[in-house]
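The structure appears right after this line, and notes come after that.
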Amino acid sequence: MSSNWRISSFNGALLAAYFIPVWTIIAFSIMVSPIHGLYERPSVSIALYASDHLHLAKMATVRLAWLLALARITVVAFFVLFLAMAAFAPFRKSRASGIDEALAVALCLGSVLSFASMMMASKVGEIEALRMHAAELLMLLGTAIVMLFETSPKRTAEAPAIEADVPATELSLQQP
């Protein structure tokens, strides 16, 4: 097995394996039938909160459903971008490739959406939706914490040798 896989990259790939199909199916069910898709289990907390507390009209509810579908598809797109970049070794080995940034954006947007859904589920009393959104939020936050505290791999071949003939008092910034 390749030794250049980081724990956060592997964990992100496992998360992408869950979130890409699940959130794509949810988003497409909302796109096909906005009201019916919004009142299914994954989005019912948002729908009940919007109808109970925000008193949205039918067309505003449809717009909210499409906005929710767009948010889910955006998270899926960043997970797909992360997987595409992680699949190719040159991107994975390069520090400036943006693989961590794609995963970070997916984690951030997904966490905000799951947290908001979890809070709305607690307000309307949907216990099963609350459990589902809390589990998704914990998965996303766990990967974010691993990314935050993971150190970058040390590269021994690229470390420059210290030159002994240059005096320690002369810095390259002080020279004209």
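The values are calculated or read from the model by the stated rules, or taken from the named source; none is laboratory data. Here the structure is a predicted model, which means the values were calculated and not measured. Cβ placement follows ideal geometry from the backbone for every residue including glycine, while neighbour counts extend to all protein chains displayed. Heavy atoms of the whole protein, side chains included, go into the accessibility calculation; ligands, DNA and RNA do not. Shrake-Rupley method; radii C 1.70, N 1.55, O 1.52, S 1.80 Å.
So that you can scan it fast, the table gives a plain yes or no per residue for (1) closer than 14 Å to residue 19 by Cβ; (2) small (Gly, Ala, Ser); (3) touching a residue at least 12 places away in the same chain (Cβ under 8 Å):
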| position | (1), (2), (3) |
| --- | --- |
| 53 | no, no, yes |
| 64 | no, no, yes |
| 69 | no, yes, yes |
| 77 | yes, yes, no |
| 101 | no, no, no |
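Name every residue in segment 117-143 that is open to solvent by 40 Å² or more (accessible area, probe 1.4 Å), in contact (Cβ under 8 Å) with a residue 24 or more places away in the chain and closer than 23 Å to residue 80 by Cα, in order of residue number.
Hits for segment 117-143 are 132, 139, 141.
Could you figure out which of (1) surrounded by 15 or more Cβ atoms within 10 Å (Cβ to Cβ); (2) at pLDDT 95 or above isn't true of residue 18?
(1)
Can you spot a residue in segment 105-121 that is farther than 27 Å from residue 9 by Cβ, aliphatic (A, V, I, L, M), at pLDDT 90 or above and touching a helix residue (DSSP H, G or I) at 6+ places or on another chain (Cβ under 7 Å)?
yes
Enumerate the helices (runs of 4 or more DSSP H) found wholly within segment 9-96, keeping only those where 3 or more residues are of a type in the set (Asp, Glu).
In segment 9-96, no matching helices (runs of 4 or more DSSP H) lie anywhere.
Working carefully through the options 63, 41, find the one that is closer than 17 Å to residue 115 by Cα and of a type outside the set (A, V, I, L, M, F, W, C).
Unique residue meeting the criteria: 41.
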